[in-house]
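Beneath this line is the structure, given in structure tokens, with notes to follow.
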Amino acid sequence: MLIKEVKKTIEKYGMLTEGDKVLVAVSGGPDSVALLYLLNDFRSEIALSLVIAHLNHGLRGEESLKEADFVKELADKLDLPIELSSIDLPALKRSWRLNVQEAARRARYRFFEEAARSWAAQRIAIGHNADDQAETVLMRVLRGAGTKGLGGVPPVRGKYIRPLIEIPRHRILRFLEKNGLPFVSDSSNLKTSYLRNKIRLKLLPELEREYNPGVQKNLLRIARILREEEGILESATDEAWRLTCRSQLGDQVTFDLSSFLNQPLSLQFRLLRRAIEAVSGTLWGIDFDHIEALIKLTGSKSPNKLIHLPRGVMAERSYRELIVRKGTLPKKMSFQYALKVPGITRLKETNQELRTRILMDRKQVSFAKDENRANFDYHRLEPPLLVRNFRAGDCFQPLGMEGMKKIKDYFIDKKLPRRMRDRIPLLISNNKIIWVVGFRIDHRVRIDEGTVKVLEVEVSPIQ
């Protein structure tokens, strides 16, 4: 009996535990209707609570309304609570810049998540069957997916469960027919303009008829093997992430480039995919060519290089780092302030403040190493005293050096990313740079044994 096979699948993958509340996604089609009846038949055995969830995409007008009515009647018949909702899919499609199928998928899962929270459901049951799995694997072969994609749809992913994932479609239809259980048919499933439908209606039957009648069984076997191997690869990726990821903050992931390049190429691919998904929330639109471009970026001879990926994702090689982020590049910055002596000068652009004071005795100077504090021979300074950011042609004489050095070259030597260079304040005395703030002072304004009056400047975040 079908119910025994479904129970076996549930037990094998640990899909349910006693007392679970399960949100059952019911479109009204044969798979979801069969799933609902099967779960309802044995819910008393493990004290399940069921809630029906139905989302009207509004794409097929009257047909969509009839589906919603059918599901409502089904809920009444089984005396089960129901969560109904509808969306403006064309508007969402435009807003998310996705095709119809991907926008519908995202909207569905967003609805499921919200409904599960509302009903405090521990599980969300989806009606994917074995045929769906084979179609998914074949579709991903055609799209050039890697091992993870070829593993198909997992039976369990977080709170999502798929109790019918090992049941062929013809068995589900036979179950419905034998028990006189009605369902509705989605006319869009017959449109071969959608890739999945074309695979289901044309490609798979052709492969079974002309090449191998067991092709579907083989696709399912491949998916299962690759899913088992995926667990090992994910563990390896977790360890590689720990070794290579320097920071993960909001919509930015930063890798230590040397550690990244020491990883096997297969793990480099997986690390990059994980980083993109972390910053953008999806891998939609990312294909092998994009990942390969990132691999080339990491091996580039240029210390600073940037490439753009779909959906607003950017990747930048910056000396010892590989940065993956979402969003636009920081705007070019320009600022200049008169330095208050003594007093506090606030730099709103960089969220920093410079505190100055005058020391009348050289013995008051602290010579402890502190990159955020600098001391200058007051009598070697000339007004006006300003603080501004980098400009083309800027140069100074770094402390301890005899000749002049361009600020640009100094930044390059310090391996400071290009995007950060106009955010470093420069302290100016009569058009002469006397401190690259946070780095080095100018040799010509250093204090020495003859210094009697000192200007102390300290930089810190604005409190």
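What follows draws every value from the coordinates through simple rules; no lab data is involved. All values derive from a computational prediction rather than experimental measurement. As a convention, Cβ positions derive from the backbone with ideal geometry for all residues, glycine included, and neighbour counts pool all protein chains shown.
Given Cβ point charges of +1 (Lys, Arg) and -1 (Asp, Glu) and nothing else, what value in debye, to the nearest 20, does the dipole of region 334-436 about its Cα centre take? All intermediate terms of the calculation are to be shown ahead of the outcome.
Values: 22 positive and 12 negative charges, 63 e Å.
Taking the Cα centre of region 334-436 as origin, the dipole is about 300 debye.
Against the chain, whose longest principal axis is taken from its Cα atoms, helix 2-12 shows a tilt of about 30°. Here region 109-137 and region 255-318 have alpha carbon centers that stand 30 Å from each other.
Within the set of other residues whose C-beta is less than 13 Å from the C-beta of Asp448, count the net charge using Lys and Arg as +1 and Asp and Glu as -1.
Values: positive: Arg362, Arg380, Arg444, Arg446, Lys453; negative: Asp377, Glu449.
Neighbour charge sum, excluding Asp448 itself: +3.
The H on the amide N of Ile434, modeled in the peptide plane, is under 5 Å from the matching H of Leu427, Ile428, Ser429, each at least 5 residues off or on a different chain. With the dipole of the chain worked out from charges on the C-beta (+1 for Lys and Arg, -1 for Asp and Glu) around the Cα centre, which of Leu38, His443, Trp284 lies farthest toward the positive end? Toward the positive end, the furthest listed residue is His443. Histogrammed with a bin width of 10 Å, the alpha carbon distances of region 336-461 distribute as 13, 47, 34, 6, 0 percent, first bin at zero. Here the sum of -39500 (n - 2.57) over DSSP H runs of 4 or more residues, divided by the residues of the chain, equals -11500 deg cm²/dmol at 222 nm, to the nearest 500. Counting neighbouring Cβ atoms within 10 Å and putting the fewest first, the residues Asp251, Asp88 line up as Asp88, Asp251. Normalising by residue count, region 114-154 has a Cα convex hull of 91 Å³ per residue.
The distance linking region 165-228 with region 378-448 is 69 Å (Cα centroid to Cα centroid, whole angstrom). Listed values for region 279-295 are Karplus-derived 3J(HN,Hα) couplings in whole Hz (6.51 cos²θ - 1.76 cosθ + 1.60, θ = phi - 60°), namely 8, 10, x, 7, 10, 4, x, 9, 10, 4, 4, 5, 5, 5, 4, 5, 4, and x replaces Gly and Pro.
Cα gyration tensor of region 56-190, axes a ≥ b ≥ c as square roots of the eigenvalues: rounded (a/c below 1.5), prolate (a/b > b/c) or oblate?
Details: a/c = 1.40, a/b = 1.12, b/c = 1.25.
Verdict is rounded for region 56-190.
Counting beta carbons within 10 Å around each of Val445, Val459, Val341 and listing the fewest first gives the order Val341, Val459, Val445. Amide H to amide H distances under 5 Å link Val184 with Gly29, where only residues 5 or more positions off or on other chains count and H is placed in the peptide plane.
Going by how many other beta carbons lie within 10 Å of each one, how would you line up Trp284, Trp241, fewest first?
Values: Trp284 16, Trp241 19.
With the sparsest Cβ surroundings first, the list reads Trp284, Trp241.
Computed from point charges on the beta carbon alone (+1 for Lys and Arg, -1 for Asp and Glu), the dipole magnitude for the chain about its Cα centre is near 1560 Debye.
Could you pull out the pairs from Lys21/Lys178; Lys332/Lys415; Lys12/Lys217 whose alpha carbons sit more than 22 Å apart here?
Values: Lys21/Lys178 28 Å; Lys332/Lys415 19 Å; Lys12/Lys217 19 Å.
Violating the 22 Å limit, Cα to Cα: Lys21/Lys178.
Couplings 3J(HN,Hα) for region 216-221, derived from phi with the Karplus relation 6.51 cos²θ - 1.76 cosθ + 1.60 (θ = phi - 60°), are 5, 4, 5, 4, 5, 5 Hz, where x marks Gly and Pro. For region 45-59, putting each phi into the Karplus relation 6.51 cos²θ - 1.76 cosθ + 1.60 with θ = phi - 60° gives couplings of 5, 10, 6, 7, 10, 10, 10, 7, 10, 9, 10, 8, 6, x, 8 Hz, in residue order, rounded to whole numbers and with x for Gly and Pro.
Can you tell me the 0 to 90 degree angle between the C-alpha axis of helix 169-178 and the longest principal axis of the chain, rounded to 10? Its long axis makes an angle of about 40 degrees. Here the average projected area of the convex hull drawn through the C-alpha atoms of the chain stands at 29.6 nm².
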